[in-house]
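The values are calculated or read from the model by the stated rules, or taken from the named source; none is laboratory data. Computed from a prediction, not measured in an experiment: that's the story for all the values here. Every residue, glycine among them, receives a Cβ derived from its backbone with ideal geometry; neighbour counts consider all protein chains shown. When the accessible area is computed, the model is the full protein with side chains, heavy atoms only, and any ligands, DNA or RNA have been set aside. Shrake-Rupley method; radii C 1.70, N 1.55, O 1.52, S 1.80 Å.
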Amino acid sequence: MQRTLTARDAFRRKTLWTALVVAAAAFILFPVIWMIGMMVKPTDIMFARPTEWLFVPTLEHFNYVFEQKFHHYLLTSVLLGLISTLLVVIIGTPAAYSFARFEMRGKDDLFLFVLASRMAPPVCLVIPYYLIFARIDLLDTFIGLTLAYMTFNLSFYIWVLRSFCRDLPAELEDAARLEGWSRVQIFRRIVLPLLRNGIVATSVLCFIFAWNEFLFAFMLGGKAVKTLPVAIPTLITTQGVRWGEMAVVGMVALAPVLIAVFFLQRHIVRGLTMGAVKG
Amino acid sequence: MTDVPIEDMPNQGGPSKAVVKRQPSHGEPVWYPYLLMAPAMITLTIVALLPFLFAVFISFHEMKFGKFGDFAGFGNYVELLSDGRFWNALGVAVLFVAIAVPLEFMLGLTGALVLSRPIWGRSVLIPFLFIPTMMAPIVVGLLWKIMLAGSWGLLSYNVIEPLGLAGETSIFASPDYALFALIFVDIWQWTPFMMLAFFAGLQALPINPFRAAAVDGANPIQRFFWLTLPMMTPLLVVIGLLRLIDAFKVFDSIFILTGGGPGTQTEMPSVLAYKMTFEFWNIGEASALAVVVWVLFFVFCNVFYQVAKKKLNAF
């Protein structure tokens, strides 16, 4: 027998479940909150045992970060993310549309090829890349890293945007075709506007992946082209670890992610499952 | 959440999309779809296929300290397979994946069920849960380096030391617990994602079977095992496989947290490949390792693709 629920019972239960989820979320996010505290925690009490919870905030760590020219690395990260994402959007959009809309010979194999280049462990790619780039002088250049980022971002973009393309009704394009529109017109005036949300969501994800990337940037860049994630371990110096500075840089590296999660919401699930789950 | 292909929904009646099979190529010439994907395919060939073939090429040659030597046949592979570190790395990876992924899976599924109860402000909470997953792995490593720093780290001092697990040094330097600490970090990063992916799957389930079950008086546990779980299976498999693939290639957080140490306790294949290349400069063997791992991944990928395509109708 199921007990009949009164409105008050339902209210109580809802409150209870909400409290549970909020508590779990707070628990999960606690290290992030702690890192925010570390940004302004004076060095002399940082290593205190037992832990000091209350302190007067300081900006000393920010000063060091600026002295060490971390804003250059920030700029590099932004530029590299933007350039590689833009290129991916230009090359990938027609391919995603084509995969979604047309039947053709060898489609499955091509698609698997795209997936395989997404799934390949980056560390396996970095070895041949390093040797090739050393030979043709692409080490430590924007071009080199942009090419390397294509391996995971272009394939990712095609896969995920394809799932957005599949949601578009084909009837509109068929009608336009009957009206005598050209292929270019159909693509520009019908497909692209309808796909806008998908393109924006997917390319923001691509930007985040490029922004977060460490191994390629570390091995194939590092001096002239040094991104934020690569700059973080340099704060582990021979004189010790600069914890407060690490927290500052870590938080800067986290900032676009914080914006993106609120902006993308459910598209993230679709993206991270390669379009398999529609979020 | 509503745009699940109609074919996926059992007992819905309604028109089936599968019947209205479209004309091949939409009346466009045969070359048109190929033209659209040509730039992408050429790019991927250059940036992914060629480097891979180059790695295969190197793996069959003597190569140490950046100098090409003679053709070595399977020499590098023999060297790799007789290298204790290779088997150690595989063992570490299997242990890592075998503990981390099932735990993330179960915690994620539980979390998804909790999240699908009626709660307030769900849409406000969800973005927060995405934060660990979307974070750069290097920042994840940094967060836990701070939390678990030797002697003064918040968790080190307040939790690990009282439990007597790792004295005043960081747990990441402990031969017994370093790997488990890394597993814990992986679980922290990926459980929220599993939770939200499963939650999205739960939301997309058709409601009618559940109504019918309620009419028949099925209790929640019966409903879960006889309805939710069977209907979710393809999705669970796909997400599990994806996570498996990703967990196997984790590098950044290990690099910043333990660097594979202490000793070779946390040396995953990706860390070993890195060390072989850039520390020992034994590039021939490292390439052999890369090729082996690559082939392994391709098998996983293929399974993922087949399941996702056939069972989930996703692609």
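Scanning the range B:213-270 for residues that are open to solvent by 40 Å² or more (accessible area, probe 1.4 Å), under 19 Å from B:L90 (Cβ atoms) and in a helix (DSSP H, G or I) yields B:L244, B:D246, B:F255. Do you know which of the residues in the range B:53-93 that are hydrophobic (A, V, I, L, M, F, W, C) and more than 32 Å from the chain's Cα centre (by Cα) is least open to solvent (accessible area, probe 1.4 Å)? Checking each candidate, the answer is B:A72.
Which residue, of A:V22, A:V65, A:V32, is within 25 Å of B:V114 (Cβ to Cβ) and either in contact with an Asp or Glu (Cβ under 6 Å, 6 or more places away or on another chain) or in contact (Cβ under 8 Å) with a residue 24 or more places away in the chain (or both)? Talk me through it step by step, then tell me what you get.
Working: A:V22 fails: either in contact with an Asp or Glu (Cβ under 6 Å, 6 or more places away or on another chain) or in contact (Cβ under 8 Å) with a residue 24 or more places away in the chain (or both); A:V65 fails: within 25 Å of B:V114 (Cβ to Cβ).
Selected residue: A:V32, the only one of A:V22, A:V65, A:V32 that is within 25 Å of B:V114 (Cβ to Cβ) and either in contact with an Asp or Glu (Cβ under 6 Å, 6 or more places away or on another chain) or in contact (Cβ under 8 Å) with a residue 24 or more places away in the chain (or both).
Scanning the range A:70-92 for residues that are within 11 Å of A:K226 (Cα to Cα) and open to solvent by 90 Å² or more (accessible area, probe 1.4 Å) yields a count of 2. Taken together, A:M46, A:M119 contain a single residue that is facing another protein chain (nearest Cβ under 10 Å), at pLDDT below 85 and more than 25 Å from the chain's Cα centre (by Cα), which is A:M46.
Please enumerate the residues belonging to the range A:20-37 that are open to solvent by 60 Å² or more (accessible area, probe 1.4 Å) and within 9 Å of chain B (Cβ to nearest Cβ).
Filtering the range A:20-37 for residues open to solvent by 60 Å² or more (accessible area, probe 1.4 Å) gives A:20, A:22, A:27, A:30, A:33, A:36.
Selection gives A:L20, A:V22, A:F30.
Scanning the range A:62-108 for residues that are within 11 Å of chain B (Cβ to nearest Cβ), of a type in the set (D, E, K, R) and assigned to a helix (DSSP H, G or I) turns up A:R101, A:K107, A:D108. Checked across the range A:151-173, the condition of being in a loop (DSSP other than H, G, I, E, B), surrounded by fewer than 24 Cβ atoms within 10 Å (Cβ to Cβ) and either facing chain B (nearest Cβ under 7 Å) or of a type outside the set (A, V, I, L, M) (or both) holds for at least one residue. Residues in the range B:54-94 that are in contact with a strand residue (DSSP E or B) (Cβ under 8 Å, 6 or more places away or on another chain) and not in a helix (DSSP H, G or I): B:F60, B:H61, B:E62, B:M63, B:F68, B:G69, B:D70, B:F71, B:A72.
For the range B:138-168, the set of residues classified as open to solvent by 40 Å² or more (accessible area, probe 1.4 Å), in contact with a Ser or Thr (Cβ under 7 Å, 6 or more places away or on another chain) and not in a loop (DSSP other than H, G, I, E, B) consists of B:Y157, B:N158, listed by residue number.
The set of residues from the range A:258-271 being in contact (Cβ under 8 Å) with a residue 40 or more places away in the chain and at the interface with chain B (Cβ under 7 Å from one of its Cβ atoms) comprises A:A260, A:I268.
When A:A201, A:A217, A:A253, A:A231 are checked against the criterion of being assigned by TED's automatic domain parsing to the domain that holds A:T76, more than 25 Å from A:T141 (Cα to Cα) and open to solvent by less than 10 Å² (accessible area, probe 1.4 Å), a single residue qualifies: A:A201.
Filter the range B:281-293 for residues that are buried (at least 19 other Cβ atoms within 10 Å of the Cβ) and either touching a residue at least 40 places away in the same chain (Cβ under 8 Å) or under 16 Å from the mean Cα position of the chain (by Cα) (or both) and give the result. Within the range B:281-293, B:N282, B:I283, B:G284, B:E285, B:S287, B:A288, B:L289, B:A290, B:V291, B:V292, B:V293 qualify.
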